[in-house]
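Please read the structure below before turning to the comments.
The values are calculated or read from the model by the stated rules, or taken from the named source; none is laboratory data. The structure presented is a predicted model; accordingly, all values stated were derived computationally and were not measured. All Cβ positions, glycine included, derive from the backbone under ideal geometry; neighbour counts span all protein chains shown.
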(Lines give C-alpha, C1' and ligand atoms only; values in the text may rest on other atoms or scores of the structure.)
Protein backbone atom coordinates (compact mmCIF):
# COMPACT_ATOMS: atom_id res chain seq x y z
CA UNK A 1 0.00 0.00 0.00
CA UNK A 2 1.45 3.38 -1.00
CA UNK A 3 1.48 5.81 1.88
CA UNK A 4 1.31 9.59 1.45
CA UNK A 5 4.68 11.27 1.78
CA UNK A 6 5.32 14.10 4.27
CA UNK A 7 5.02 17.66 3.02
CA UNK A 8 7.62 17.93 0.22
CA UNK A 9 10.22 20.47 1.25
CA UNK A 10 11.43 21.07 -2.28
CA UNK A 11 7.93 21.98 -3.43
CA UNK A 12 8.05 24.96 -1.10
CA UNK A 13 11.12 26.23 -2.94
CA UNK A 14 9.17 26.65 -6.18
CA UNK A 15 7.44 30.05 -6.39
CA UNK A 16 4.16 30.33 -8.23
CA UNK A 17 4.58 30.35 -11.99
CA UNK A 18 4.12 33.70 -13.62
CA UNK A 19 1.31 34.47 -16.01
CA UNK A 20 2.09 33.39 -19.58
CA UNK A 21 4.53 35.81 -21.18
CA UNK A 22 3.69 38.03 -24.10
CA UNK A 23 4.09 36.30 -27.48
CA UNK A 24 6.67 38.95 -28.41
CA UNK A 25 8.86 38.25 -25.36
CA UNK A 26 12.37 37.13 -26.36
CA UNK A 27 14.12 34.26 -24.61
CA UNK A 28 17.23 34.75 -22.51
CA UNK A 29 20.11 33.03 -24.38
CA UNK A 30 21.50 31.75 -21.08
CA UNK A 31 18.14 30.18 -20.24
CA UNK A 32 17.91 28.61 -23.70
CA UNK A 33 21.39 27.10 -23.38
CA UNK A 34 20.62 25.71 -19.94
CA UNK A 35 17.31 24.21 -21.06
CA UNK A 36 19.10 22.45 -23.90
CA UNK A 37 21.54 20.93 -21.39
CA UNK A 38 18.67 19.84 -19.13
CA UNK A 39 16.84 18.09 -21.98
CA UNK A 40 20.04 16.41 -23.22
CA UNK A 41 20.89 15.21 -19.70
CA UNK A 42 17.78 12.99 -19.68
CA UNK A 43 19.29 10.63 -22.25
CA UNK A 44 22.45 8.77 -21.24
CA UNK A 45 24.77 8.83 -24.27
CA UNK A 46 23.95 8.79 -27.96
CA UNK A 47 21.89 11.17 -30.02
CA UNK A 48 18.69 12.64 -28.50
CA UNK A 49 15.76 10.42 -29.40
CA UNK A 50 12.16 11.60 -29.25
CA UNK A 51 9.65 9.55 -27.27
CA UNK A 52 6.69 8.75 -29.53
CA UNK A 53 4.94 6.26 -27.28
CA UNK A 54 5.57 3.81 -24.47
CA UNK A 55 4.56 0.82 -22.38
CA UNK A 56 4.47 1.55 -18.67
CA UNK A 57 3.54 -0.36 -15.53
CA UNK A 58 2.60 1.95 -12.68
CA UNK A 59 0.67 2.34 -9.46
CA UNK A 60 -1.77 5.24 -9.39
CA UNK A 61 -3.01 6.62 -6.07
CA UNK A 62 -5.83 9.16 -6.41
CA UNK A 63 -7.52 11.38 -3.85
CA UNK A 64 -11.11 11.94 -4.95
CA UNK A 65 -14.32 11.31 -3.06
CA UNK A 66 -12.70 8.06 -2.00
CA UNK A 67 -9.03 7.13 -1.93
CA UNK A 68 -8.20 4.76 -4.81
CA UNK A 69 -5.05 2.80 -5.55
CA UNK A 70 -4.82 1.09 -8.95
CA UNK A 71 -2.15 -0.98 -10.67
CA UNK A 72 -2.13 -0.20 -14.39
CA UNK A 73 -0.45 -1.35 -17.56
CA UNK A 74 -0.64 1.43 -20.16
CA UNK A 75 0.27 1.25 -23.84
CA UNK A 76 0.24 4.63 -25.54
CA UNK A 77 1.09 6.00 -28.97
CA UNK A 78 1.06 9.78 -29.33
CA UNK A 79 0.15 9.72 -33.02
CA UNK A 80 -3.61 9.44 -32.98
CA UNK A 81 -3.77 9.33 -29.19
CA UNK A 82 -4.15 5.56 -29.24
CA UNK A 83 -4.23 3.91 -25.82
CA UNK A 84 -4.71 0.50 -24.26
CA UNK A 85 -5.01 0.13 -20.50
CA UNK A 86 -5.15 -3.05 -18.47
CA UNK A 87 -6.47 -3.05 -14.89
CA UNK A 88 -6.10 -6.09 -12.65
CA UNK A 89 -8.43 -6.78 -9.74
CA UNK A 90 -5.99 -8.20 -7.19
CA UNK A 91 -8.79 -9.65 -5.03
CA UNK A 92 -10.40 -11.67 -7.84
CA UNK A 93 -7.36 -12.05 -10.06
CA UNK A 94 -9.43 -10.78 -12.99
CA UNK A 95 -8.16 -8.41 -15.69
CA UNK A 96 -10.19 -5.86 -17.64
CA UNK A 97 -8.87 -3.95 -20.65
CA UNK A 98 -10.09 -0.70 -22.18
CA UNK A 99 -8.79 1.31 -25.08
CA UNK A 100 -9.16 3.80 -27.89
CA UNK A 101 -7.79 2.72 -31.28
CA UNK A 102 -8.34 5.93 -33.19
CA UNK A 103 -11.85 4.97 -34.29
CA UNK A 104 -13.70 3.65 -31.29
CA UNK A 105 -13.63 3.17 -27.54
CA UNK A 106 -13.74 -0.45 -26.45
CA UNK A 107 -13.67 -2.78 -23.44
CA UNK A 108 -12.63 -6.41 -23.12
CA UNK A 109 -13.97 -7.99 -19.93
CA UNK A 110 -12.48 -10.77 -17.80
CA UNK A 111 -14.13 -13.36 -20.07
CA UNK A 112 -12.44 -11.81 -23.13
CA UNK A 113 -15.78 -10.52 -24.47
CA UNK A 114 -15.27 -7.39 -26.58
CA UNK A 115 -17.69 -4.51 -25.97
CA UNK A 116 -18.04 -1.30 -28.00
CA UNK A 117 -18.21 1.73 -25.68
CA UNK A 118 -19.81 4.13 -28.13
CA UNK A 119 -23.30 4.07 -26.59
CA UNK A 120 -24.58 6.77 -24.22
CA UNK A 121 -24.53 4.49 -21.17
CA UNK A 122 -20.73 4.12 -21.49
CA UNK A 123 -19.99 7.85 -21.15
CA UNK A 124 -18.12 7.31 -17.88
CA UNK A 125 -15.92 4.64 -19.47
CA UNK A 126 -15.05 6.99 -22.34
CA UNK A 127 -14.31 9.79 -19.87
CA UNK A 128 -11.99 7.46 -17.92
CA UNK A 129 -10.10 6.63 -21.12
CA UNK A 130 -9.81 10.33 -22.00
CA UNK A 131 -8.38 10.95 -18.52
CA UNK A 132 -5.90 8.13 -19.08
CA UNK A 133 -4.84 9.71 -22.38
CA UNK A 134 -4.22 13.02 -20.60
CA UNK A 135 -2.16 11.17 -18.02
CA UNK A 136 -0.08 9.65 -20.81
CA UNK A 137 0.46 13.09 -22.36
CA UNK A 138 1.75 14.36 -19.01
CA UNK A 139 4.07 11.37 -18.63
CA UNK A 140 5.33 11.94 -22.17
CA UNK A 141 6.17 15.54 -21.33
CA UNK A 142 8.03 14.62 -18.14
CA UNK A 143 10.05 11.83 -19.73
CA UNK A 144 11.00 13.97 -22.74
CA UNK A 145 11.65 17.56 -21.64
CA UNK A 146 12.98 18.31 -25.11
CA UNK A 147 9.34 18.61 -26.19
CA UNK A 148 8.80 21.41 -23.71
CA UNK A 149 12.06 23.10 -24.70
CA UNK A 150 11.30 23.01 -28.42
CA UNK A 151 7.92 24.72 -27.93
CA UNK A 152 8.93 27.10 -25.13
CA UNK A 153 8.91 30.87 -25.69
CA UNK A 154 10.00 33.81 -23.58
CA UNK A 155 12.46 31.79 -21.49
CA UNK A 156 14.01 33.34 -18.41
CA UNK A 157 16.24 32.00 -15.65
CA UNK A 158 16.34 32.80 -11.94
CA UNK A 159 18.09 31.52 -8.85
CA UNK A 160 16.20 29.84 -6.03
CA UNK A 161 17.03 28.61 -2.54
CA UNK A 162 19.63 25.90 -1.90
CA UNK A 163 21.42 26.41 -5.23
CA UNK A 164 18.33 25.57 -7.24
CA UNK A 165 17.50 27.33 -10.49
CA UNK A 166 14.14 27.92 -12.15
CA UNK A 167 13.45 28.08 -15.87
CA UNK A 168 10.32 30.06 -16.69
CA UNK A 169 8.56 30.52 -19.95
CA UNK A 170 5.45 30.13 -22.05
CA UNK A 171 4.28 26.97 -23.76
CA UNK A 172 1.54 26.37 -26.33
CA UNK A 173 -0.62 23.58 -24.91
CA UNK A 174 -3.63 22.42 -26.92
CA UNK A 175 -3.75 25.73 -28.74
CA UNK A 176 -3.56 27.91 -25.60
CA UNK A 177 -0.61 29.74 -24.04
CA UNK A 178 0.35 28.26 -20.65
CA UNK A 179 3.06 29.51 -18.34
CA UNK A 180 5.54 27.08 -16.84
CA UNK A 181 8.23 27.01 -14.17
CA UNK A 182 10.75 24.16 -14.13
CA UNK A 183 12.78 23.81 -10.94
CA UNK A 184 16.25 22.29 -11.32
CA UNK A 185 18.59 20.69 -8.81
CA UNK A 186 22.29 21.61 -8.90
CA UNK A 187 22.93 18.54 -11.11
CA UNK A 188 20.23 19.74 -13.57
CA UNK A 189 17.71 17.10 -12.50
CA UNK A 190 14.14 18.38 -12.80
CA UNK A 191 12.61 18.45 -9.31
CA UNK A 192 9.30 20.21 -9.91
CA UNK A 193 7.23 21.52 -12.81
CA UNK A 194 4.39 24.01 -12.53
CA UNK A 195 1.96 24.71 -15.37
CA UNK A 196 -0.20 27.84 -15.22
CA UNK A 197 -3.29 27.94 -17.49
CA UNK A 198 -4.42 31.03 -19.39
CA UNK A 199 -7.38 33.02 -17.99
CA UNK A 200 -10.71 31.29 -18.74
CA UNK A 201 -12.91 32.55 -21.53
CA UNK A 202 -16.28 34.01 -20.67
CA UNK A 203 -18.64 31.32 -19.41
CA UNK A 204 -15.87 28.75 -18.93
CA UNK A 205 -14.59 27.37 -15.63
CA UNK A 206 -11.03 28.22 -14.64
CA UNK A 207 -8.50 25.40 -15.00
CA UNK A 208 -6.35 24.59 -11.96
CA UNK A 209 -2.69 25.44 -11.75
CA UNK A 210 -0.82 22.13 -11.84
CA UNK A 211 2.29 21.38 -9.81
CA UNK A 212 4.27 18.20 -10.30
CA UNK A 213 6.72 17.19 -7.59
CA UNK A 214 9.31 14.88 -9.19
CA UNK A 215 11.47 12.49 -7.18
CA UNK A 216 13.49 9.27 -7.35
CA UNK A 217 15.10 9.88 -10.78
CA UNK A 218 15.62 6.52 -12.47
CA UNK A 219 16.94 5.35 -15.83
CA UNK A 220 14.51 3.45 -18.06
CA UNK A 221 16.15 2.26 -21.28
CA UNK A 222 18.88 4.89 -20.80
CA UNK A 223 16.36 7.70 -20.28
CA UNK A 224 16.35 9.42 -16.91
CA UNK A 225 12.97 10.40 -15.54
CA UNK A 226 11.25 10.60 -12.14
CA UNK A 227 9.97 7.32 -10.80
CA UNK A 228 7.60 9.09 -8.39
CA UNK A 229 5.35 11.95 -9.56
CA UNK A 230 2.97 13.79 -7.25
CA UNK A 231 0.43 16.25 -8.67
CA UNK A 232 -0.90 19.20 -6.67
CA UNK A 233 -3.44 21.83 -7.73
CA UNK A 234 -3.36 25.58 -7.16
CA UNK A 235 -1.91 26.54 -3.76
CA UNK A 236 -2.29 23.12 -2.13
CA UNK A 237 1.11 21.97 -0.85
CA UNK A 238 0.36 19.04 1.42
CA UNK A 239 -2.34 16.81 -0.13
CA UNK A 240 -1.64 15.64 -3.64
CA UNK A 241 -4.40 15.04 -6.19
CA UNK A 242 -2.67 11.90 -7.36
CA UNK A 243 0.59 10.05 -6.97
CA UNK A 244 2.21 7.93 -9.68
CA UNK A 245 4.91 5.36 -9.07
CA UNK A 246 6.49 3.99 -12.25
CA UNK A 247 7.66 0.38 -12.00
CA UNK A 248 8.65 -0.42 -15.57
CA UNK A 249 8.90 1.75 -18.68
CA UNK A 250 9.73 0.86 -22.28
CA UNK A 251 9.89 3.69 -24.80
CA UNK A 252 12.43 2.82 -27.49
CA UNK A 253 9.89 0.75 -29.45
CA UNK A 254 6.50 2.45 -29.14
CA UNK A 255 3.37 0.28 -29.48
CA UNK A 256 2.17 -0.14 -33.04
CA UNK A 257 -1.42 0.67 -34.11
CA UNK A 258 -1.98 -3.08 -34.49
CA UNK A 259 -1.01 -3.68 -30.86
CA UNK A 260 -3.43 -0.99 -29.75
CA UNK A 261 -6.37 -2.23 -31.80
CA UNK A 262 -9.34 -3.67 -29.94
CA UNK A 263 -9.00 -6.98 -31.80
CA UNK A 264 -5.38 -7.46 -30.78
CA UNK A 265 -5.11 -10.26 -28.19
CA UNK A 266 -3.11 -9.70 -25.01
Condition check: surrounded by fewer than 19 Cβ atoms within 10 Å (Cβ to Cβ), touching a strand residue (DSSP E or B) at 6+ places or on another chain (Cβ under 9 Å), modelled with pLDDT under 95 and under 18 Å from residue 231 (Cβ atoms). Does residue 69 satisfy that?
yes
Give 108, 147 a once-over and let me know the one that is over 29 Å from residue 210 (Cα atoms), in contact (Cβ under 8 Å) with a residue 40 or more places away in the chain and surrounded by 17 or more Cβ atoms within 10 Å (Cβ to Cβ).
108
Count - residues of the stretch 114-129 that are touching a strand residue (DSSP E or B) at 6+ places or on another chain (Cβ under 9 Å) and farther than 20 Å from residue 55 by Cβ
8
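Report those strands (runs of 3 or more DSSP E) wholly inside the stretch 191-266 carrying at least 3 residues which are farther than 30 Å from residue 112 by Cα.
On the way: elements: 210-220, 223-233, 242-250.
Counting at least 3 such residues, we get 210-220, 223-233.
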Residue among 168, 153, 173 that alone is in contact with a strand residue (DSSP E or B) (Cβ under 8 Å, 6 or more places away or on another chain) and crowded, with 20+ Cβ neighbours inside 10 Å:
168
Please determine whether any residue of the stretch 24-37 is surrounded by 18 or more Cβ atoms within 10 Å (Cβ to Cβ), modelled with pLDDT under 50, assigned to a helix (DSSP H, G or I) and within 21 Å of the chain's Cα centre (by Cα).
no
